[in-house]
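This report refers to the structure that appears directly beneath it.
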Amino acid sequence: MLQRLAALVGVAALTVACAQTDAGITTNIKSKMAADDAVKAYQINVDTSDGVVTLRGDVDSALARERAVQIARGTTGVRDVVDDITVTAAAPTGGLLDRDGNDRGVGFGGEIRQEGRDIARETEHAAGRAAHAVEDAAIASAVKAKFLADRVVSGMKIDVDTKDGVVTLNGTVSSRAEADRAVMMARNTEGVTKVVDNLKVGRY
């Protein structure tokens, strides 16, 4: 009985000793990280030498970094932890962090970057609006030129307005046939997406 008890104690002691070796410490930390929701998605390298654990890798939040360090420090046999984990650009940009490492506000650098993105978007939108304005003017000129060259349509009596490819015809024509022909000519002009017929039949 005593021999069996001594054997069990010896096995337990050997198990604890193995767990506290550098290789055992590294294995334990990696196992804990693989099971932890905050850090399991990241590739964090764990190296142990004489009980000193070095963590290396990239994470995208301060919370994940702190959690990895906490896991390492809480592992049996660890004497110290060297934190070489890098928080990538997706992490908080200079704002205030709460006690859990979450971003509580955009920092000065983040505000500058956001302002730069806003300016870029506004510049792009302005360029788009200018391009549309030029295109609309070209469409209106093309439709007006067709009217002026046509023997049936009185181009001088019809106003042509264009916005975003939609042509609006205003004015007075001599007959419904003239109005229909004007609408057809406008509709067949390149770049026109729709024609709004506001033409009235009557005397000039």
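Readers should treat all values here as calculations from the given coordinates under stated rules, not as data from a laboratory. Bear in mind that the values here come from a model prediction, so they are computed numbers and not experimental data. Cβ atoms come from the backbone with ideal geometry, glycine included; neighbour counts cover every protein chain shown.
Within the straight-line cut-off of under 26 Å between alpha carbons, the lysines reachable from K163 are K144, K146, K194, K200, sequence neighbours fewer than 8 places apart in one chain being disregarded. Listed by Cβ neighbour count within 10 Å, with the fewest neighbours leading, M185, M156 appear as M156, M185.
Over region 132-201, the pair-distance histogram of Cα-Cα distances with 5 Å bins from zero comes to 3, 21, 34, 24, 13, 4, 1 percent, rounded to whole numbers.
Each of V166, A186, L199 was scored by the projection of its Cα onto the charge dipole of region 132-201, and the greatest displacement toward the positive side belongs to L199; charges sit on the C-beta of Lys, Arg, Asp and Glu. Each Lys or Arg adds one and each Asp or Glu subtracts one; over the other residues with Cβ under 15 Å from the Cβ of R176, this totals +1.
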